[in-house]
Amino acid sequence: MNLFILGVTGNIGKQTLDVVRTSKNKFKVVAVSGNTNLKKMKDIINEFSPKYVSMGKRDDILKLQELYPNIEFGYGIESLIKVVTYGGLGEDLVVNALVGSVGLKPTIEAIKKGRNIALANKETLVIGGEIINELLKEHNVKIIPVDSEHSAIMQCLNGEDFSTIKNIIITASGGSFRDKTRKELRNVTVHDALNHPNWSMGAKVTIDSATMMNKGLEIIEAHYLFNVDYDHIKTVMHRESIVHSLVEFHDTSVIAHLGNPDMRVPISYALNYPSRAQYNGKSLDLVKMGKLHFEELPYSKYPLLKMAIDAGKSKGLNPTTLNAANEAAVNLFLNGKITFLQIEEIIRECLDVFKNDLNITLDKILDRDLKVKDYTYKKYS
Ligand code: MN3
């Protein structure tokens, strides 16, 4: 299997390479992209010898070119597309582990090339779901979700008739601030927010988990992946992150997917789909767990959850506006420019300022994405 990995130096990229290491004779890393981590990229090149490497900046490419004259290099968005379309067709899989809307165009080009995609970049479906689903049909390509909840749902649906789904139930850990009150959220710091109780993730997803925007984006993602109406996608707070999601069927049977919180499991499932590979992780010890807890998600504490679901339901460019405002606001928060609760204020403001448009095209999505981010950075930097 030839792998084309976007975001290889990030958190999901790193864990993808862990999975690749466990079955090195099955996978060949052909093309990869990183952003600014030159040292990590050198290590990856030395270990996996890819044929094509993309980095964020031209300077870094020039440095790498000197060291590795036999590898092709590129930088910028065009080179991300080169990563996913590199070489001829074979037994191929694109792993899209980019963070943010930048992942949409490469996903589209991978589909057009006819390559299946292991998708960790949820923004692809949040902002481009309508377009993506049309393209998947047209090119007979599959998206296999890497997000743990969606991987769980996909596994619960194995061999099932989708028309018998009654509800999809997505679990939420509650993020780093699940025990804080609204009032306490006013003064939380970046450091507090980056301290997730269960999962090891990148900074953006960890903040999104704390605001619950992550769950909102995942609901939209689930809507497009499984073609289930928003009214039948439920959430439940589950502190232990052991039940990764559930599906209820017409006969009220509920199938759940359980496992220790380890992203390498859904990554391994996506890489080996439809079969399963051996993974030497820790077995789930239910007796040791003793209890699992489920609570209602407090919507009043997390206004972004409802804002995201509403944006998803209203379709068109609203999900793009929501997502772009969130990306910019989270960035501003991480850089100490705004407070934690300003993230939701900025998103509300952008949804107000930028009007919806139901007639979407890729160009309109990318244009809206840029404009919302420009607006937010200019006003709040
Ligand atoms: Mn998730």
Tell me whether the range 304-312 contains one or more residues that are open to solvent by less than 50 Å² (accessible area, probe 1.4 Å) and without any contact (Cβ under 8 Å) to a residue 60 or more places away in the chain. no
Which ones in the range 37-82 are in a loop (DSSP other than H, G, I, E, B) and open to solvent by 90 Å² or more (accessible area, probe 1.4 Å)? Lys51, Lys57, Pro69, Asn70
Answer yes if at least one residue in the range 347-367 is in contact with a Leu (Cβ under 8 Å, 6 or more places away or on another chain) and under 22 Å from Glu184 (Cβ atoms), and no otherwise. yes
Enumeration of residues in the range 171-187 that are away from the ligand (no atom under 12 Å from the Cβ) and part of a loop (DSSP other than H, G, I, E, B): Gly174, Ser176, Phe177, Arg178, Asp179, Lys180, Thr181, Arg182, Lys183
Kindly check whether there is at least one residue in the range 18-33 that is within 25 Å of Ile108 (Cα to Cα) and of a type in the set (Gly, Ala, Ser). yes
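Quick grid of which residues meet (1) modelled with pLDDT of 95 or more; (2) acidic (Asp, Glu); (3) within 26 Å of Leu194 (Cβ to Cβ):
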site	(1), (2), (3)
Tyr299	no, no, yes
Glu345	yes, yes, yes
Leu358	yes, no, no
Asp363	yes, yes, no
Leu366	yes, no, no
Leu370	yes, no, no
Looking at the structure I just gave you, is Ile153 in contact with a strand residue (DSSP E or B) (Cβ under 9 Å, 6 or more places away or on another chain) and touching a residue at least 40 places away in the same chain (Cβ under 8 Å)? yes
Going through the range 19-36 in order, the residues found to be more than 19 Å from Ala203 (Cα to Cα) and open to solvent by 40 Å² or more (accessible area, probe 1.4 Å) are Arg21, Thr22, Lys24, Asn25, Lys26, Lys28
Filter the range 229-241 for residues that are in contact with a Phe, Trp or Tyr (Cβ under 8 Å, 6 or more places away or on another chain) and not hydroxyl-bearing (Ser, Thr, Tyr); the one that is nearest to the ligand (Cβ to nearest atom) is His238
Of all residues making up the range 148-170, the number that are within 16 Å of the ligand (Cβ to nearest atom) and either under 17 Å from Lys234 (Cα atoms) or not in a helix (DSSP H, G or I) (or both): 11
Selected residue (criterion: farthest from the ligand (Cβ to nearest atom)) from residues of the range 188-213 that are without any contact (Cβ under 8 Å) to a residue 60 or more places away in the chain and not β-branched (Val, Ile, Thr): His191
Out of all the residues in the range 11-19, is one or more β-branched (Val, Ile, Thr) and farther than 17 Å from Leu93 by Cβ? no
Are any residues in the range 110-140 under 18 Å from the mean Cα position of the chain (by Cα) and open to solvent by 40 Å² or more (accessible area, probe 1.4 Å), and if so, which ones? Asn116, Glu130, Asn133
The range 200-230 - residue that is part of a helix (DSSP H, G or I) and small (Gly, Ala, Ser) and, of those, most open to solvent (accessible area, probe 1.4 Å): Ala203
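The values are calculated or read from the model by the stated rules, or taken from the named source; none is laboratory data. Given the structure is predicted, the values throughout are model-derived calculations rather than measurements. Glycine gets a Cβ as well: all are built from the backbone with ideal geometry, and neighbour counts include every protein chain shown. SASA here: full protein model, heavy atoms, side chains in, ligands and nucleic acids out. Shrake-Rupley method; radii C 1.70, N 1.55, O 1.52, S 1.80 Å.
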